[in-house]
Every structure is written in structure tokens, then in C-alpha cells.
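The values are calculated or read from the model by the stated rules, or taken from the named source; none is laboratory data. From a predicted model like this one, the values you see are computed outputs, not experimental measurements. All Cβ positions, even for glycine, are placed from backbone atoms using ideal geometry, and neighbour counts span all protein chains on display. Just so you know, the surface numbers come from the protein's heavy atoms only, side chains and all, with ligands and any DNA or RNA stripped out. Shrake-Rupley method; radii C 1.70, N 1.55, O 1.52, S 1.80 Å.
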Amino acid sequence: MVYEWDAPGTQKAYVYPNLSAQMRSNGVQVAAQFQYDMAVEADKNVVWPRHYLNWLYTPERTVAFMIAGETFRDGALKEPFADSDTHSFGHTTTSFSSDVAIYNDDDTLMYSRSIPAALAPKVSPDLKRVVGVGTSSVATYDGSGLYELMKGEGGRIELTLNPDVDVKTRTYKMDGRSLQSTVTGDPSCYCGLDPNKVADTRTLASRTHSFSLQWPGVTTFRVTQKTGNLETEIGHFRAGDPVPVTAGEVVARSKPVKAEATVYVFYPE
């Protein structure tokens with residue numbers, strides 16, 4: 001059993017699954033991750049600055065952690081873990097040089113960053129779920145937030161889009177002192193006047209993007225935007241056509257910031 005494990009001080013998108021695979025190779029049967037940031041404080045991450053995990057604010061790390069969970073359940077005990085740039089373990093592939101983790105099985109595809117062509121997996125024709133950041137052979141997207149695609153009744157595919165995430169340098173007060181982060185826009189490092197307490201500030205943004213879908217076996221779609229029980233038609237598109245979408249909804253002036261995903265439905269035609 002491993003207790004309070006994490007990959008502290010980094011937002012690298014390949015680390016979690018590698019740690020998971022290494023634990024399984026050493027015979028670990030139970031592993032408990034250290035902590036999860038509540039959304040109310042996740043923009044500044046002031047509780048455990050070296051540890052940072054949140055569904056909205058750390059999309060690459062979140063998908064990597066989801067892949068790590070599947071890797072842990074999927075991998076055989078004592079399976080050797082090779083120390084190499086690109087590593088495969090069960091249905092998981094990670095790359096140090098490309099900083100990406102990929103999980104691909106009979107019905108699920110997950111990727112923590114855009115998948116390089118050299119690592120592109122063969123996607124199952126029975127695909128039912130995609131969780132990702134960036135672009136793959138199934139989806140093309142230039143927003144920075146996490147998204148999820150779920151195949152449902154009648155072949156409909158529901159797209160859930162989280163807001164964009166911006167990494168910024170901000171001065172803020174903590175414990176009565178004014179602290180300034182020294183890193184601008186580098187999500188892979190947490191540095192500052194006090195490295196034990198300072199983390200970069202992240203903000204959520206709702207922006208317009210295009211989203212292209214190439215689902216196995218589908219050539220055309222009718223696309224709607226779903227708000228509650230209501231759906232507003234956007235139009236008809238061929239597979240791979242760019243569909244105008246909005247990345248999440250953010251009420252920035254509220255305290256704490258209120259953010260929700262936007263939902264689109266792709267109906268095969």
C-alpha cells in the first residue's frame with residue numbers, strides 16, 4: 001500500500017501514469033493520492049502549493065491522473081517498468097520528450113495533451129468515451145481546457161467543454177504578507193519568494209473556439225448546444241468540419257468564481 005503519493009511541484013502531463021505503473025511493477029495493490037484542490041481556492045492553490053489537482057484549473061494533470069487510475073487497475077502486478085523515453089504499460093503509453101500520457105482501450109480514449117502523430121493510437125470502432133486536452137485523431141481543439149465526449153443513446157455524442165485556463169503572475173496576500181510569484185506562464189514550475197507557500201495564479205476564461213469531430217464510422221452530424229433540457233441547433237457538419245463552440249461559462253466577478261462547462265450534442269446523420 002502507498003499512502004499520500006503525488007508528483008509535487010510539476011504540471012508535467014506524463015508523470016502520474018508513470019508513477020502508477022512503477023507502483024504496480026513493485027507489487028502495490030492500493031495507492032491513495034495526496035490531495036485535491038477545492039474549486040473555491042484552486043485559482044491560487046494556497047493550501048498545498050507544491051500539490052495541485054483540480055478538474056477545472058489543472059486539465060492536463062487531471063487527465064494524467066485519470067489515466068494513472070486506469071493504469072493502476074489495468075496493469076498486472078510485478079510487470080516490469082522500463083526506464084525509457086516512451087513507455088507502454090497495459091493500455092497506457094507515456095512520453096517524456098512529448099510530455100503526454102495516452103490511454104486507449106476497446107471503448108475509451110484519454111490523452112493529457114495533444115497526441116503527436118508518432119504516438120497516435122488506433123482508435124476502436126466501438127469508441128464510447130473520450131477525455132482529453134488538445135487534439136487527437138478523434139477531435140481537433142485549440143482551447144486549453146479539458147473536454148469529454150460521451151456516446152449515448154442512438155449514437156448521439158455529447159461534448160462537455162470546460163473553460164480555458166490562463167496561467168498568470170499575480171500579487172496576492174497570504175498570512176498578512178504580500179507575495180509575488182516569479183514565474184509567468186510556465187505551468188510546469190511553482191517558484192516564488194517562499195516556494196513552500198507561493199503558487200501561480202490561474203484564471204478561467206470563456207472563449208470562442210472551433211471543435212472538429214471525427215468519430216469512427218460517422219461522416220455527418222447535426223449539432224446542437226444544450227442548456228438544461230433545451231437544445232439550440234447550430235447546424236449540419238461533415239466529419240472534421242470546424243464547429244463553433246464556447247469553452248465553458250465563467251462568472252468572473254462572483255466570489256468565488258463560478259464556472260460551468262458548456263454542452264454540445266453531435267447527432268449522426
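Residue check: is residue 120 closer than 28 Å to residue 245 by Cβ and of a type in the set (A, V, I, L, M, F, W, C)? Let's see the steps before the verdict.
Numbers: closer than 28 Å to residue 245 by Cβ: yes; of a type in the set (A, V, I, L, M, F, W, C): yes.
Considered against the rule, which asks whether it is closer than 28 Å to residue 245 by Cβ and of a type in the set (A, V, I, L, M, F, W, C), residue 120 comes out as yes.
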message: Looking at the stretch 128-140 only, could you name the residues that are assigned to a strand (DSSP E or B), over 13 Å from the mean Cα position of the chain (by Cα) and not polar (S, T, N, Q)?
response: 129, 139
statement: When the stretch 98-115 is checked residue by residue, the ones that are more than 17 Å from residue 11 (Cα to Cα) and open to solvent by 40 Å² or more (accessible area, probe 1.4 Å) are 106, 107
- prompt: Could you list, in sequence order, the residues of the stretch 1-40 that are in contact (Cβ under 8 Å) with a residue 60 or more places away in the chain, farther than 18 Å from residue 60 by Cα and assigned to a loop (DSSP other than H, G, I, E, B)?
  reply: 40
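Just need a number here: residues in the stretch 125-153 that are more than 16 Å from residue 66 (Cβ to Cβ) and in contact (Cβ under 8 Å) with a residue 12 or more places away in the chain.
So the answer is 13.
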statement: Considering the stretch 214-233, residues that are more than 12 Å from residue 155 (Cβ to Cβ) and of a type in the set (A, V, I, L, M), and then whichever is modelled with the highest pLDDT, we arrive at 223
- line: Of the residues in the stretch 6-17, those that are open to solvent by 30 Å² or more (accessible area, probe 1.4 Å) and touching a strand residue (DSSP E or B) at 6+ places or on another chain (Cβ under 7 Å) come to 14
message: Restricting to the stretch 78-93, give me the number of residues that are in contact (Cβ under 8 Å) with a residue 40 or more places away in the chain and out of contact with any Ser or Thr (no Cβ under 7 Å at 6 or more places or on another chain).
response: 0
task: Give the number of residues within the stretch 18-54 that are open to solvent by less than 30 Å² (accessible area, probe 1.4 Å), under 28 Å from residue 205 (Cβ atoms) and of a type outside the set (Asp, Glu).
output: 7
